[in-house]
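Read through the structure below, which is laid out as structure tokens, and then see the notes.
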Amino acid sequence: MRYVIAYDVTDNARRARVAKLLERVGERVQGSVFEADLSDKVLERLAAQINKVVDVNEDGVRLYRLCSDCAREVRIIGQSKIVREPTLVIV
């Protein structure tokens, strides 16, 4: 399933750690916004890892699930690119 993950982390070190976690699973589309195709298992693991990093009293992370129809309807204004899931992944 496709997800948009946005974060607002106040501390530089925590922000860098969250970004590093997200870079492993998705692609940065804005400064603090990522898109990723995640299985339920990977999503839960990622959420647990993020929860260990952030300060829940100061930081915020949102994970928005996009249905396949919604993901196809993404509109971009300005400089950016549409991130599509790969048709073939070799592991």
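The values are calculated or read from the model by the stated rules, or taken from the named source; none is laboratory data. Small disclaimer: the values here were computed from a predicted structure and weren't measured. Neighbour counts are summed over all protein chains in view; Cβ atoms, including those assigned to glycine, are modelled from backbone coordinates with ideal geometry.
Observations, loosely collected:
- Some residue of the stretch 41-50 being more than 13 Å from the chain's Cα centre (by Cα), of a type in the set (Val, Ile, Thr), on the phi < 0 side of the Ramachandran plot and surrounded by fewer than 16 Cβ atoms within 10 Å (Cβ to Cβ): no
- Residue list for the stretch 9-31, restricted to those being charged (D, E, K, R), touching a residue at least 12 places away in the same chain (Cβ under 8 Å) and under 20 Å from LEU66 (Cα atoms): GLU27
- Within the stretch 71-84, tally of residues that are among the β-branched types (Val, Ile, Thr), surrounded by 11 or more Cβ atoms within 10 Å (Cβ to Cβ) and either assigned to a helix (DSSP H, G or I) or without any contact (Cβ under 8 Å) to a residue 12 or more places away in the chain (or both): 2
- Test: residue in the stretch 69-87 that is touching a helix residue (DSSP H, G or I) at 6+ places or on another chain (Cβ under 6 Å) and either aliphatic (A, V, I, L, M) or at pLDDT 95 or above (or both): no
- Scanning the stretch 49-70 for residues that are closer than 14 Å to ILE5 by Cβ, not in a loop (DSSP other than H, G, I, E, B) and not β-branched (Val, Ile, Thr) yields GLN49, ASN51, GLY60, ARG62, LEU63, TYR64, ARG65, LEU66.
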